[in-house]
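Right, one structure below, let's go through it.
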Amino acid sequence: MAEILVLADHDGDAVKKVTLELVTLARRIGEPAVAWTGPGAEAAQPRLAEYGAAKVYLAADPEFDAYVAAPKAELLAELVKRAAPAAVLVPGTAEGREVGARLAVKTRSGLLTDAVGVSDDLSAEQVIFGGAINVCSKVRSGTPIIAVRPNAITPEPAPGAAVIEPVDVPISDVAKQARITERVVQQRGARPELTEASIVVSGGRGVGSGENMGLIERLADSLGAAVGASRAVTDAGWYPHQFQVGQTGKTVSPQLYVAVGISGAIQHRAGMQTSKTIMVINKDPEAPIFELADFGVVGDLFKVVPQLVEEIDKRSG
């Protein structure tokens, strides 16, 4: 079975969900081999094994995480040369896409971005024009490098060995030209992280003001959910941009997505349409978001949401 190389995304202490998604996808088309940079591989090994990783290439030198993108691209290029994988999967994050682009240049290979799936023939499934059109693309030369959209794949456990294989790849002086000088840890509250939450409650223009986003937060807290927002809300300054769900924001794919006061513009739908169950609360019965809804409530959110919170609290209490 051909090896599929996966670039791990981690924070040094724990492997991120997108890595488990990539390992799951790699397992469907070949034998997953994870490329890990810096510390934390030993602690993450059981988790990677749980999701089917066969091998972990470990570049333990902390210098790999001290610079911007380039060292990781050099590592992957060397692994492509040594192991000749059938494809390389990278997270479709800002860093992952840059690493993929640099790797494509180094290996003279094709790069496909924003993939939501990969077929047995290594062609990538992509959703373009804000989710309006599905296309299938395939790399014609070199080793296919595919950046996969976070939350496009559901992580599925399967036993694997996750054998750690240390690799010694020197970092060139050219790759050290952009150093990371500081990392700021974002303070996290009790709510789950938006892109990894199993339930997301998002507010849209219909909430009317930043103060009214408190209603969305109360509903989210009653469900143990993360809070999201439409672009209209973040552009208006009602909620921080890091919580924007959509084509130019974050892509989510929770078990339950609750859209409150969101009309359903294509830009927003592109970021949440793969959610397993979608519930909509909107006073406009013609709102496009209802086209995606599994459950819909046509009504004033300022009346519906408090009743919903009350009922949830009553059942959970």
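Derivation of every value follows stated rules applied to the coordinates shown; laboratory data play no part. Owing to the predicted nature of the structure, the values given are computational and were not obtained by experimental measurement. Don't worry about glycine lacking a Cβ; one is built from the backbone with ideal geometry, like all the others, and counts go over all protein chains shown.
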Ratio of alpha-carbon Rg to the 2.2 N^0.38 Å globular estimate for the chain, to two decimals, please. 1.07
By per-residue mean of other Cβ atoms within 10 Å, what is the highest-first order of 233-239, 18-24? 18-24, 233-239
Give the angle, between 0 and 90 degrees and rounded to the nearest 10, that separates the Cα long axis of helix 301-316 from the longest principal axis of the Cα atoms of the chain. 70
Students often check this: by mean Cβ neighbours within 10 Å, which of 265-274, 285-294 ranks highest, and how do the rest follow? 265-274, 285-294
Modelling each spin label as a point 7 Å along the Cα-to-Cβ direction, I'd like the VAL135/GLU196 distance in nm, to one decimal. 3.3
Could you sort 211-221, 143-153 so that the peptide with the highest average Cβ count within 10 Å comes first and the rest follow in order? 143-153, 211-221
Estimated 222 nm signal from helices in the chain, with DSSP H stretches of n ≥ 4 weighted -39500 (n - 2.57), rounded to 500: -8500 deg cm²/dmol
Counting alpha carbon pairs within less than 8 Å and at least 6 residues apart, what relative contact order, in whole percent, applies to the stretch 194-316? 25
Modelling each spin label as a point 7 Å along the Cα-to-Cβ direction, I'd like the VAL298/VAL68 distance in nm, to one decimal. 5.1
Given a cut-off of 21 Å, what percent of all Cα-Cα pairs of the stretch 3-176 lie beyond it? 41
Using a Cα-Cα cut-off of under 16 Å, which aspartates and glutamates could be cross-linked to LYS72, ignoring same-chain neighbours fewer than 8 residues away? ASP9, ASP11, ASP61, GLU63, GLU95, GLU98, ASP168, ASP173
Where a Cα-Cα gap under 12 Å defines reach, which aspartates and glutamates qualify for LYS16, not counting those fewer than 8 residues away within the same chain? GLU193, GLU196
Treat each spin label as a single point 7 Å out from the Cα along the C-beta direction, and report the MET1 to GLU311 distance in nm. 4.6
Relative contact order of the chain, pairs being alpha-carbon contacts under 8 Å that are 6 or more residues apart, as %: 14
HIS241 to ALA83: extension gain in nm, 0.36 nm per residue of separation minus the Cα-Cα distance? 52.8 nm
Cut-off under 16 Å on the C-alpha distance; same-chain residues fewer than 8 positions from LYS283 excluded. Which aspartates and glutamates are left, in chain and number order? GLU291, ASP300
In the structure displayed, which of LYS138/LYS250; LYS276/LYS314; LYS17/LYS276 lie more than 22 Å apart, Cα to Cα? LYS138/LYS250; LYS276/LYS314
So for the stretch 194-316, Kirkwood radius off the Cα pairs, Stokes-Einstein at 37 °C and 0.692 mPa s: how many µm² s⁻¹? 238
Assuming 0.36 nm per residue, please report the length gained on full extension of the stretch THR181 to ARG108 beyond their Cα-Cα distance. 23.2 nm
